[in-house]
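Contents: one structure, followed by commentary.
The values are calculated or read from the model by the stated rules, or taken from the named source; none is laboratory data. All of these numbers come straight from a predicted model, not from anything done at the bench. Because the Cβ atoms are built from the backbone with ideal geometry, glycine has one as well, and the counts that use them run over all protein chains shown. Quick note on the areas: whole protein, heavy atoms, side chains included, nothing else; ligands and nucleic acids left out. Shrake-Rupley method; radii C 1.70, N 1.55, O 1.52, S 1.80 Å.
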Number of protein chains: 2
Amino acid sequence: MSKDRINKVHDALSRSNLDALVLNPGASQLYVSGLHFHLMERPVILIIRKGGTQAIILPELELQKLADLPYEINNYPYGENPEEWSLAFKKAMSDLDLDGKVIGMESLSLRMMEYGYLTEAAREANFQDAQELISSLRLTKEDNEVTALREAVNIAQNALVNTLPLIRVGMSEKEIAGELSLQLFRSGSQPELPFSPIVSAGLNAANPHAVPTDRKLKEGDLLVIDWGARVDGYISDLTRTFAIGEVDPEMVKIHNVVREANAAGRAAGEPGKSCAVVDMAARNVIEKSGYGKFFTHRTGHGIGMEPHEEPYMRGDNLQIMQVGMTYTVEPGIYIPDINGVRIEDDMVVTKTGSESLSNMDRHIRVIG
Amino acid sequence: MSKDRINKVHDALSRSNLDALVLNPGASQLYVSGLHFHLMERPVILIIRKGGTQAIILPELELQKLADLPYEINNYPYGENPEEWSLAFKKAMSDLDLDGKVIGMESLSLRMMEYGYLTEAAREANFQDAQELISSLRLTKEDNEVTALREAVNIAQNALVNTLPLIRVGMSEKEIAGELSLQLFRSGSQPELPFSPIVSAGLNAANPHAVPTDRKLKEGDLLVIDWGARVDGYISDLTRTFAIGEVDPEMVKIHNVVREANAAGRAAGEPGKSCAVVDMAARNVIEKSGYGKFFTHRTGHGIGMEPHEEPYMRGDNLQIMQVGMTYTVEPGIYIPDINGVRIEDDMVVTKTGSESLSNMDRHIRVIG
């Protein structure tokens, strides 16, 4: 698989103005190379040189990871003393003849640390953001990638099904998040969750990116749970909103509006249309209901090896949907200091439209 | 707490040549501000301006997180369309009068994306790595930080105690890592583990940063488990090495050497001495045994809110140990394609020497 992907990069490079692509540890480096490194204090830079070579600058103690790779790679290892590191960069950039050349990088992943070593080693090189080239590699998913996403969705759904019966008035958001994380593992998620579950109730639910607190669940709360699993490096990202006992009738109304907006957004995905139509379909429902100003974010984002990636489902994004693109539909209404609702599903664009990978009931459900 | 810490930054700035400090989401931003943001595609930049103001550039949908902060902060929110983002940066940098000024940043955390917006907004500003200033804030831990680290160690130890009886010949490294992760949660770790447990057996144990595989445990393997928990944002990082059934006598010998090296490294920590002495004490034991060339990494690293941070325990690091510094001691011997041993503890420098926060038995123990 990695050999095909490296060839994909070489193809993309040959059609670009770039002489090379440099990748930092993270989803793109893993996608291209099959190599799993963490972003830490020791730099690990993968270089794909237009024309056919690849190289990696890495700590000596990581050399073992290069054994049994299905493609050739030149390695530039360095020792533990940071004073030696720039030598490895200089040797690599010189061997690959990259000074004065155009080098693509991922501005969302390359740090000033690596950029410092790279520019010191190739002072006349011209570094450009290669987001477009990298997106062209990862934007549409192959069948085995969709299979992994589907499995990540199933594991997440099973984990929440097992968590719901344990939720009681008086439990804190943190306790619920801990229990759900445990169930994610038990259901088969990889240990590295895509993100810590968001569990927010009552006025905390008015914050779309809330961090679980010690606040205890009360009768009348809405409870937002935003969670996901990871399988073979691919992740899920779902949200459901529950009622704790009897809630204010306006909350029930808001929940219905968001559920209809979610359904409209899910129905709008289709190859050949722009990403904007997904956002507009969902937003339109909420605006008509009069709650438009409380839907404060885009309708969704791409999903794959990263929790947020291209394509973004925004009303101004004219990017065209293609078969195999995967993304979330997650409209919400957030009433400041009062409450919030979000309902989120993971979608894949199919030949005839789009399919929701997630199918857990979306109606308001009383728990606790 | 966050107010004191912001004041600490202002004190440090007033003694530096910097006019401001910019911080990206991550440990330092959280340490200074108490604000918890993930590093994603939407930039979130905290700016501390010498002389007394602070500001934050962030997505509108995150504004709720600024409610109830114990200090004042000027906010520069932006909407969902990336074309608007640079306006927020320009307004902030202009209000703070930062063009042409000296701005400190963290090169291990600031990405090219944020750097691009910052330099576009302040073309004549001079960006410098402020690693030293930031380290001076986080390098020695206060009592409540050591308490959290101690708790993270206890949780990790309890989790492994609960996992060991479940380990059997025939289990895969991945299965053991999954079970251990589950036990980490059950024992009270925060959902965001500091790192996925490393579980590596037999020849995989020869790779210090191995990723768990489907390889199944066999009689005669050494089994390296490197794991940690997170509590209140602070983490533990421990390693123990076990024998699966009867192992080669040379493996027992290597294990004893590493255990002695670990003990020597733990005994060497003392305020006023250099970090190098810890590395030399551990390394000396391994070199005397004849296995020196198989100890391929530094003896340890600082530990706190990040899995690796200052101070680094290297033979060339003349940094002086101070009361409250926390770090790992983790010598290892790695015989390529054969086997490996590592034993790791978490330490704190005390007034009279140093204390190991971890106390789990370090002798070779037969399991499986």
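For chain B, evaluate the Debye formula with one uniform point scatterer on each Cα (no solvent term) and list log10 I(q)/I(0) at q = 0.06, 0.11, 0.14 Å⁻¹, rounded to two decimals. Result of the Debye calculation: -0.27, -0.81, -1.11. Relative to the longest principal axis of the C-alpha atoms of chain B, give the angle of the C-alpha long axis of helix B:275-288, reported between 0 and 90° and rounded to the nearest 10°. Long axis of B:275-288 versus the principal axis of chain B: about 20 degrees.
Look at the dipole of the stretch A:2-138 built from charges on Cβ: of A:Thr53, A:Ser16, A:Ser86, the Cα furthest out on the positive end belongs to A:Ser16.
Please give the FRET efficiency for A:His38 paired with B:Ser14, using the beta carbon to beta carbon distance and R0 = 35 Å, rounded to the nearest 0.05.
Details: r = 35 Å, r/R0 = 1.01.
Computed FRET efficiency for A:His38 and B:Ser14 comes out at 0.50.
Rounded to the nearest 5, the antiparallel percentage of DSSP beta bridges internal to the stretch B:2-138 is 45%. Here the spin labels are modelled as points 7 Å beyond Cα on the Cα-Cβ line, and at B:Met360 and B:Lys218 they lie 2.6 nm apart.
Between B:Ile338 and A:Ala267, what is the label-to-label distance in nm when each label sits 7 Å out along the Cα-to-Cβ direction? With each label point 7 Å from Cα toward Cβ, the separation is 6.9 nm.
Counting only heavy atoms of the protein chains, get the accessible area per residue of the protein assembly as shown (1.4 Å probe) and round it to a whole Å² value. Present the calculation step by step, with values, prior to reporting the outcome.
Details: 27630 Å² over 736 residues.
I get 38 Å² per residue for the protein assembly as shown.
What is the helix-to-structure angle for A:173-186, meaning the angle in degrees between its Cα long axis and the longest Cα principal axis of chain A, kept from 0 to 90 and rounded to the nearest 10? The helix A:173-186 is inclined about 60 degrees to chain A.
Counting helices only, and only those DSSP H runs with n ≥ 4, report the 222 nm mean residue ellipticity of the protein assembly as shown as the sum of -39,500 (n - 2.57) divided by its residues, in deg cm²/dmol to the nearest 500.
On the way: 18 runs with 236 residues, N = 736.
Calculated from helices alone, the mean residue ellipticity at 222 nm is -10000 deg cm²/dmol.
The largest accessible area among A:Lys90, A:Lys3, A:Lys293 belongs to the first residue in A:Lys293, A:Lys3, A:Lys90, and the rest follow in falling order (1.4 Å probe, all chains). In the stretch B:39-82, burial by the other protein chains removes 20 Å² or more of accessible area from B:Met40, B:Glu41, B:Arg42, B:Leu61, B:Glu62, B:Gln64, B:Lys65, B:Glu80, B:Asn81, B:Pro82, compared with the chain on its own (1.4 Å probe, ligands and nucleic acids ignored).
Over chain B, Cα pairs under 8 Å with separation of 6+ residues give a relative contact order of 14 percent. Taking every alpha-carbon pair in the stretch A:2-138 and binning the separations at 5 Å intervals from zero gives 2, 10, 23, 26, 22, 13, 3, 0 percent.
In terms of the ratio Rg/(2.2 N^0.38 Å) built on C-alpha atoms, what value belongs to the stretch B:203-332? Could the numbers behind the result be given before it?
Values: Rg = 15.6 Å, N = 130, 2.2 N^0.38 = 14.0 Å.
Rounded to two decimals, the normalised Rg is 1.12.
Each residue was assigned an accessible area with a 1.4 Å probe, and for B:Leu166 the value is about 80 Å².
In the context of the full protein assembly, B:Asp232 retains an accessible surface of approximately 120 Å², using a probe radius of 1.4 Å and ignoring ligands and nucleic acids. Across the identical copies, the 7 Å label point of B:Ala67, projected outward along Cα→Cβ, sits 5.5 nm from its counterparts, in ascending order. For the pair B:Asp143 and B:Ile367 in one chain, pulling the backbone fully straight at 0.36 nm per residue adds 77.0 nm over the alpha carbon distance. Between B:Glu250 and A:Thr352, the simple label model (points 7 Å from Cα in the Cβ direction) yields a spacing of 6.4 nm. The apolar share of the surface of chain A, taken as the fraction of accessible area on carbon and sulfur atoms (1.4 Å probe, ligands and nucleic acids excluded), comes to 49 percent.
Kindly identify residues of the stretch A:202-217 having a loss of at least 50 Å² in accessible area between the isolated chain and the assembly of all protein chains, probe radius 1.4 Å. Buried on complex formation: A:Asn207, A:His209.
Straight-distance candidates among the lysines for linking to A:Lys216, with alpha-carbon spacing under 26 Å and chain neighbours fewer than 8 residues away dropped: A:Lys174, A:Lys253, B:Lys65. Using a cutoff of 8 angstrom between alpha carbon atoms and counting only pairs six or more residues apart, the relative contact order for the stretch A:100-146 works out to 50 percent. Candidate cross-link partners of A:Lys101 among the lysines, defined by an alpha-carbon separation under 20 Å and a same-chain spacing of 8 or more, comprise A:Lys50, A:Lys90, A:Lys91.
Would the protein assembly as shown count as rounded, prolate or oblate if I go by the C-alpha gyration tensor, calling it rounded below 1.5 in a/c and otherwise prolate when a/b exceeds b/c, oblate otherwise?
On the way: a/c = 1.39, a/b = 1.30, b/c = 1.07.
Verdict is rounded for the protein assembly as shown.
Counting only Cβ charges, +1 for Lys and Arg and -1 for Asp and Glu, the dipole size of chain A around its Cα centre is about 820 debye.
Please give the length that would be gained between B:Lys288 and B:Asp99 if that part of the chain were fully extended, namely 0.36 nm times their separation in residues minus their C-alpha to C-alpha distance (nm, one decimal).
Going from the current span to full extension adds 62.4 nm.
Rounded to the nearest 20 Debye, what is the dipole magnitude of the protein assembly as shown about its Cα centre when Lys and Arg each give +1 and Asp and Glu each give -1 at the C-beta?
On the way: 74 positive and 104 negative charges, 118 e Å.
Approximately 560 debye in magnitude.
Residues A:Asp346, B:Asp95, sorted by accessible area with the largest first, give B:Asp95, A:Asp346 [1.4 Å probe; ligands and nucleic acids excluded].
Ordered by solvent-accessible area of protein heavy atoms (1.4 Å probe), largest first, the residues B:Glu80, B:Glu124 come out as B:Glu124, B:Glu80. Measuring between their Cα centroids, the stretch A:165-219 and the stretch A:114-128 lie 43 Å from each other.
Determine the shape class of the stretch A:194-267: with a ≥ b ≥ c the square roots of the Cα gyration tensor eigenvalues, call it rounded for a/c under 1.5, and otherwise prolate if a/b is greater than b/c, oblate otherwise. The shape class here is oblate. Compared with the dominant Cα axis of chain B, that is its longest principal axis, helix B:85-95 is turned about 70°.
Please find the FRET efficiency linking A:Val161 to B:Val161, where r is the Cβ-Cβ separation and R0 is fixed at 30 Å, and quote it to the nearest 0.05. Plugging the Cβ-Cβ distance into 1/(1 + (r/R0)^6) gives 0.50.
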